[in-house]
Number of protein chains: 2
Amino acid sequence: MHVTIATDGAYLTLHQNDRATRYHAIWLRDNSPDPETRAAGNGQRLIALRDIPVDTHIAAASINDGTLQVTFAPENKTVTFQLGWLAEHAYDAPKRNGQGWLSENVATWDANLQTDVPVAQFSALAQRGADFANWIEQVTRYGFGKIEGGPVESGALFKVVDLFGFVRETNYGRHFEVRTEVNPTNLAFTGLGLQAHTDNPYRDPVPSIQVLYCLESSAAGGENMVVDGFACVHRLQLENPEYFNVLARHCAQFEYAGEDGVCLTSRRPMIELAPDGELIGVRFNNRSLSAATDIPFDQMDLWYAAYRRLGEIIDDPEMEVTFRLEPGEAFVVDNTRVLHARKAYSGTGTRWLQGCYADKDGLRSTRDALRRLGQEAAE
Amino acid sequence: MHVTIATDGAYLTLHQNDRATRYHAIWLRDNSPDPETRAAGNGQRLIALRDIPVDTHIAAASINDGTLQVTFAPENKTVTFQLGWLAEHAYDAPKRNGQGWLSENVATWDANLQTDVPVAQFSALAQRGADFANWIEQVTRYGFGKIEGGPVESGALFKVVDLFGFVRETNYGRHFEVRTEVNPTNLAFTGLGLQAHTDNPYRDPVPSIQVLYCLESSAAGGENMVVDGFACVHRLQLENPEYFNVLARHCAQFEYAGEDGVCLTSRRPMIELAPDGELIGVRFNNRSLSAATDIPFDQMDLWYAAYRRLGEIIDDPEMEVTFRLEPGEAFVVDNTRVLHARKAYSGTGTRWLQGCYADKDGLRSTRDALRRLGQEAAE
């Protein structure tokens, strides 16, 4: 490997065999790992971009023993970079593009996952060992996971949340009870079957994790099902790119105002993309979709046709994984991606679940911290 | 006013004077207010789009006494719409377009707001009357507000959150203490001055509200300042649309891994737009910005130039509002929009604040519920 510097010092190039990878002077300087730039303990950057001269350029660069030494002018500051870190953070490569691409940490699924549902024993998760690491990996990959063998006691769902994050309290409480009610404020609390949906799209930010925990289950019916919204959206895109585009380009509106003092509204697309086209979210909920007013008149018929077709795909049994929660069993879903539904249940016997919300950044943080521990152990 | 129906029944047109407003059959049917379509109590939709025939069209329509009666085929179902509701939800109009537009509920500001900071007395807010409604309106409009005259007791900040929402607990706890620490895990807990920033951009979803509550303040310095990120972004766009675009079109990356078991990362643009260009968020935090790897090589210099210029605008005293929190005073900021900063404070004397996070959907919900109450009282 050798290094060359552009004539004006604006960037350097690492050459290895026939590969050349460029790094800008300003990027290198801003990401310098020296203790004046980055706090040794917590890794936070100690300087702002205003502290780096606007005419920063590379005055010298050399490779020594697995590291790259760079001298920045006009600061006349020499910084050492690990070549491994530079390779991991290389940005001089074609970007993923197109609409709807997914992170490599995500895998889509359909009904074939029925025989391979991510599942773990409550007692094994509590030990936070290999079973826990494996379950967390699967839940982030597939967007849902099941837990078996938990305690049958009110509030046990909080022990599930404690595994990876924190409860997101809402106007429904820190948790909510899911039983048949005589005068429900929300259809979820009746015995009706519900179309697969994501929860609370009328919140912004939407709760990104839901936990449902079963405490009693003697009523007939009431099976739970989950559907991968990302898989459904990809199927829609494959069938008809126009349908995908119209749902991604225009904001739907959602509303919930079923209680005094509550008037929750949001304005977000059913298919949410990052600016570079990454598929990052799905919102789908017939109950709380309010009148769409931000779709141009000449796109409204297309938007409704796309919404209808997405619903048909979501309803297709080939997309769904079904299971019945028994007392002491729970499931966790990524509410920005995986839709869940409940089949109708009868009034005889009882069915009692407790639900709560949490956020997925805690889940990803737990996964990534475990991955780093694993890498350190392997090194 | 009179109504006409398109030949194929796909839409109808309301004619008033020289204005014509069209409504599609499928939109009208999906948004029908009749009790079989919408639950009378909670307003949730009782049917899914799959329950509405795909060949739905308008068979008849007439206007009677402030209402529009529409008969839908093939269901042969007649529904009554209030003309006022239809006017409010008209979508047959040019859409706001361009990049960076703002909701009419938002007003940008700069240092001139110094003499007109939204402020209310703690005791007045607790009564939830006109002062409360006015303060909530201002906080949603300007993205921040101050509270004075609150109790000087640990945990009082939770009473502020109770006014409009719920605490978002994080790995920093339900709340965090802001005092000088000898071995801080986060630079916010030192006496250093901090550049204006939004908090926790490494979370996804980011906490959308922050509350900071002062309990002791005898140290010199430590003034708080706030800057309107939306105003800064608009100024950047006016100066250089390319700068605005490059920050909106590419994802930055943020990271915090300063504690065992924590590895929070996010991938979001510094300037966040809705698909139709609405400016909906700003993320700006030099401490937790990690190495940008999703920006194409040929855009990286431009991206850094834009990031630098945005920082200069944020640092411009003409953009900032400054105040000193005394014991029993607090401020609330919209963390998706308003940056906050702290000037350096000295080690003599004490400075003790408590902070916590919450979410802005609760703030908007409270405002909108109060608005509806006001409208009902006026009717």
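The distance from the alpha carbon centre of segment A:73-134 to that of segment B:87-137 is 40 Å, rounded to a whole number. Amide hydrogen proximity for A:Thr67: with H placed 1.01 Å from N in the peptide plane, the residues at 5 or more positions away or on another chain lying under 5 Å are A:Leu83. Of the two radii for chain B, the radius of gyration is 1.06 times the Kirkwood radius, both from the alpha carbons; that is the Rg over Rh value. For chain B, a Gaussian network of Cα nodes joined below 10 Å ranks B:Leu236, B:Leu28, B:Leu215 by mean-square fluctuation, and the top entry is B:Leu28. Taken over segment B:62-138, the alpha-carbon convex hull comes to 217 cubic angstrom per residue.
Tell me the carbon and sulfur percent of the accessible area for the protein assembly as shown, rounded to whole percent, probe radius 1.4 Å.
Ligands and nucleic acids excluded, carbon and sulfur give 49 percent.
In this structure, the amide hydrogen of B:Leu46, modeled 1.01 Å from its nitrogen in the peptide plane, lies closer than 5 angstrom to those of B:Arg38, B:Ala39, counting only residues at least 5 positions away or on a different chain.
Within the full protein context, the accessible area of A:Phe122 is estimated at about 40 Å² for a probe radius of 1.4 Å.
Per residue of peptide B:212-219, the mean number of Cβ atoms on other chains within 10 Å of the residue Cβ is 0. Probing with 1.4 Å while keeping every protein chain in the model, the per residue accessible area of the protein assembly as shown equals 40 Å². Suppose the Debye formula is applied to equal point scatterers at every Cα of segment B:81-220; what is log10 I(q)/I(0) at q = 0.09, 0.15 Å⁻¹? Ignoring solvent entirely, the Cα scatterers give -0.42, -1.03. In the elastic network of chain B, a GNM with C-alpha springs shorter than 10 Å, the most mobile of B:Asp361, B:Asp334, B:Asp65 is B:Asp65. Between 0 and 90 degrees, the angle of helix A:130-142 with respect to the longest Cα principal axis of chain A falls at about 80 degrees.
Taking only the C-alpha atoms of segment B:2-88, Rg followed by Dmax gives 12.7, 38 Å. For chain B, with a Gaussian network of springs between Cα atoms less than 10 Å apart, report the residue from B:Ala305, B:Ala358, B:Ala48 with the top mean-square fluctuation. In the Gaussian network model the winner is B:Ala48. Accessible surface of A:Glu169, taken over heavy atoms with a 1.4 Å probe and every protein chain present, rounds to 50 Å².
Among beta bridges identified by DSSP and lying wholly in segment B:111-371, the antiparallel ones come to about 95 percent. Amide H contacts under 5 Å for B:Glu320: B:Ala111, restricted to partners 5 or more places along the chain or on a different chain, H placed in the peptide plane at 1.01 Å from N. Looking at the protein assembly as shown alone, DSSP beta bridges between its own residues are antiparallel in about 95 percent of cases.
Need the C-alpha centroid separation for segment B:320-378 versus segment B:140-167, integer Å. When both Cα centres are located, 6 Å separates them. Chain A and chain B together bury an accessible surface of about 7600 square angstrom, both sides counted, with a 1.4 Å probe and no ligands or nucleic acids included.
Helical runs assigned H by DSSP (4 residues or longer) give chain A a calculated mean residue ellipticity at 222 nm of -7500 deg cm²/dmol, each run adding -39500 (n - 2.57) before division by the residue total.
Legend: mean number of C-beta atoms from other chains within 10 angstrom of residue C-beta atoms, peptide A:290-299, equals 6. The figure for B:Lys159 is an accessible area of roughly 90 square angstrom, using a 1.4 Å probe on the protein chains alone.
Measuring heavy-atom accessible area with a 1.4 angstrom probe and counting protein chains only, the residues of segment A:38-83 that give up at least 40 Å² relative to the chain alone are A:Asn42, A:Gln44, A:Arg45, A:Leu49, A:Arg50.
Axis of helix A:360-378 versus longest Cα principal axis of chain A: the two differ by about 50°, to the nearest ten degrees.
The values are calculated or read from the model by the stated rules, or taken from the named source; none is laboratory data. Computed from a prediction, not measured in an experiment: that's the story for all the values here. Cβ atoms come from the backbone with ideal geometry, glycine included; neighbour counts cover every protein chain shown. These accessible areas exclude ligands, DNA and RNA; they are computed on the full protein's heavy atoms, side chains included. Shrake-Rupley method; radii C 1.70, N 1.55, O 1.52, S 1.80 Å.
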